[in-house]
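Peer 1: Questions regarding the structure given below will be posed in turn.
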Amino acid sequence: MTTTDAMTGGPSLPQKRELKTALPGPKSKAILDRKTGAVAAGVTYSVPVAVVAAGGGVVVDADGNSLIDLGSGIAVTTVGNANPRVAAAVAAQAAAFTHTCFMVSPYEGYVEVAEKLNELTPGSFDKRTALFNSGAEAVENAIKIARTYTKRTAVVAFDHAYHGRTNLTMALTAKAAPYKTGFGPFASDIYRVAGSYPFRDGLSGQEAAKRAISQMDKQIGGDQIAAVIIEPVQGEGGFIVPAEGFLETIVDWCRENGIVFIADEVQTGFARTGTMFASEQLGIEPDMITTAKGVAGGMPLSAVTGRTEIMDAPHGGGLGGTYGGNPVACAAALATIESYEEENLAARAQEIGQIIAERMEALADEDPRVGEVRGLGAMAAVEFVDPETGEPDAAIAKAAAASAIEQGVITLTCGTYGNVIRFLPPLSISDELLNEGLDIVAKAVRAL
């Protein structure tokens, strides 16, 4: 597939990698220096550029450097950074009104987004939706709703989980640095159990589920748990795809014990994995699903969607927020969802995933430091290890990503051990750009 003008935002942004300066160039450096003097030090960045334009499969900086984008702003700009359908919808809504607060004077856009999410999310049961601003906010509200519905308080998350940086979601998130260190104490009645990490635990899905269920039964008690929350494919933890049968077994146990099963699809949602939601591929129908990132083409919006009887449990006024379901973000979401459907972007994600898998598996065949290539669709990753011990090797991932960035390819790392390079290209990227970016990453690994 070759990227079309409709997906890149027009012919004015050439779809090519071009470095006119070393990174950062002088104009970007001046802006980044200003960042140091104006922005809190805890807000960092991984790519040393100041962006002035983006679209299709490229990001352009203040010095005219054009970088290949293999990150999509962490799985956000799935339909492209400058999707014309989204841009037009945002402009039209902004000209009409930017805000009234849905809790004061409602508007149709919010209702339309809710209707669409009720229709698209997995599960044939009757559903309701509430809109918020960020993935972490959606997760917090999902927990509130589950606790209200079950009249229980305990919540279970899994090893390698990432659910956000707010107080409650930090408690759910597994990795300490940089997400939790120094920020406690955290929310109470949160428990963590082992999940399914086939590359490292060697367990079948049923075996891993049996281990997790045993922990929950013995350490908490099934009748005390309000919710079990998991990412169908764990994101920041290393793009870990659970063994077949793991999620289905956990869902069945939750149903038997009156526990709300929440799928956190903030990173996996909206065509990223090759289906609209990863839960579809993994054979589960969550009681509730949290979404954000790819839902609105880069505008801040998130949602909780779930069974009507669960979603309607909180009292009136118990859910909401000043900006939740902002009208401009809702307009962007409707246009973004239209792009997913009309351009068949789930199928495009499968094509992209196949290209990444073939290229990275070829690298694995020649380099024993590549422990595993994994993922679903256009959510793919490579885990690096010491070939003699199998222990995680974060140095390779860090150095290879840094080298790729120097050569004009935006590359992200992740993983509990920091030893994973992840690929999240926009679905608007061309095969040519994608292959060039993968070439550079592979060469960077070989050069180490």
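Peer 1: Calculate, for ALA399 and LEU32, the FRET efficiency according to 1/(1 + (r/R0)^6) with r their C-beta to C-beta distance and R0 30 Å; round to the nearest 0.05.
Peer 2: Approximately 0.90, to the nearest 0.05.
Peer 1: What are the ³J(HN,Hα) couplings of the range 285-302, residue after residue, when phi is run through the Karplus curve with 6.51, -1.76, 1.60 and θ = phi - 60°? Round to Hz, x for glycine and proline.
Peer 2: 10, x, 5, 9, 9, 9, 9, 5, 5, x, 6, 9, x, x, 7, x, 7, 9
Peer 1: Between GLU112 and ASP312, what length in nm is gained on full extension when 0.36 nm per residue of separation is reduced by their alpha carbon distance?
Peer 2: Computed gain between GLU112 and ASP312 is 70.2 nm.
Peer 1: Can I ask one more? Please order VAL382, VAL113, VAL39 by the number of other Cβ within 10 Å, starting at the fewest.
Peer 2: On the way: VAL382 29, VAL113 24, VAL39 12.
Fewest to most other Cβ atoms nearby, the residues stand as VAL39, VAL113, VAL382.
Peer 1: Taking Rh as the Kirkwood radius computed over C-alpha pairs, what is the Stokes-Einstein D of the range 110-227 at 4 °C in a medium of viscosity 1.567 mPa s, expressed in µm² per second?
Peer 2: In µm²/s, the coefficient rounds to 80.
Peer 1: Now a separate question. Return the lysines within reach of LYS144: Cα separation strictly under 26 angstrom, same-chain partners fewer than 8 residues apart disregarded; answer none if there are no such residues.
Peer 2: LYS116, LYS127, LYS175, LYS180, LYS218, LYS293
Peer 1: So, one more: What does the helix-only formula give at 222 nm for the chain: each DSSP H stretch with n ≥ 4 adding -39500 (n - 2.57), the total divided by the residues, and the result rounded to the nearest 500 deg cm²/dmol?
Peer 2: For the chain, the value works out to -12000 deg cm²/dmol.
Peer 1: About the Cα centre of the range 48-196, how large is the charge dipole given +1 on each Lys and Arg Cβ and -1 on each Asp and Glu Cβ? Please answer in debye to the nearest 20.
Peer 2: 660
Peer 1: In nm, to one decimal, how far is the modelled label at GLU351 from the one at ALA187, with both set 7 Å along Cα→Cβ?
Peer 2: With each label placed 7 Å out from Cα toward Cβ, I get 4.1 nm.
Peer 1: Under 5 Å between amide hydrogens, which residues at least 5 positions from VAL58 or on another chain qualify, with H placed 1.01 Å from N in the peptide plane?
Peer 2: Residues meeting the criterion, in which the H sits 1.01 Å from N, are ASP69.
Peer 1: Same structure, new question: Looking only at chymotrypsin sites (Phe, Trp or Tyr not before Pro) in DSSP loops with at most 14 other Cβ atoms within 10 Å, what is the longest site-free stretch of the chain?
Peer 2: 187-448
Peer 1: Compute the length gained on full extension between VAL104 and GLU285: take 0.36 nm times their separation in residues and subtract their Cα-Cα distance, giving the result in nm to one decimal.
Peer 2: The VAL104-GLU285 span can extend by a further 61.8 nm.
Peer 1: For the range 235-249, in order, what is each residue's ³J(HN,Hα) by Karplus, 6.51 cos²θ - 1.76 cosθ + 1.60 with θ = phi - 60°, in whole Hz (x at glycine and Pro)?
Peer 2: Residue by residue, the range 235-249 yields x, 4, x, x, 6, 7, 8, x, 5, 4, x, 5, 5, 4, 5 Hz.
Peer 1: Give me, ordered by chain and number, the residues 5 or more places off ALA154 or on other chains with an amide H under 5 Å from its own placed amide H.
Peer 2: Excluding prolines and chain starts, which carry no amide H, the hits are ALA226.
Peer 1: Hey, what do the phi angles of the range 309-325 turn into as Karplus ³J(HN,Hα) couplings, whole Hz, using 6.51/-1.76/1.60 and θ = phi - 60°, x for Gly and Pro?
Peer 2: These are the phi-based 3J(HN,Hα) values: 5, 7, 5, 8, 5, x, 5, x, x, x, 10, x, x, 3, 9, x, x Hz.
Peer 1: Tell me the relative contact order for the range 87-342 as a rounded percent, counting alpha carbon contacts under 8 Å between residues six or more apart. Don't skip to the end; give the middle numbers.
Peer 2: Numbers: 509 pairs, mean separation 76.6, N = 256.
The value is 30 percent.
Peer 1: I would also like to ask the following. Using a/c under 1.5 as the rounded threshold, could you call the chain rounded, prolate or oblate? The axes a ≥ b ≥ c are square roots of the C-alpha gyration tensor eigenvalues, and prolate needs a/b larger than b/c, oblate otherwise.
Peer 2: Taking the square roots of the gyration eigenvalues as a ≥ b ≥ c, the chain is oblate.
Peer 1: Within the range 310-399, report the GluC sites (Glu not before Pro) that DSSP leaves as loop and that have at most 13 other Cβ atoms within 10 Å.
Peer 2: Passing sites in the range 310-399 are GLU388.
Readers should treat all values here as calculations from the given coordinates under stated rules, not as data from a laboratory. Nothing here was measured: the structure is a model prediction, and the numbers come from that model. As a convention, Cβ positions derive from the backbone with ideal geometry for all residues, glycine included, and neighbour counts pool all protein chains shown.
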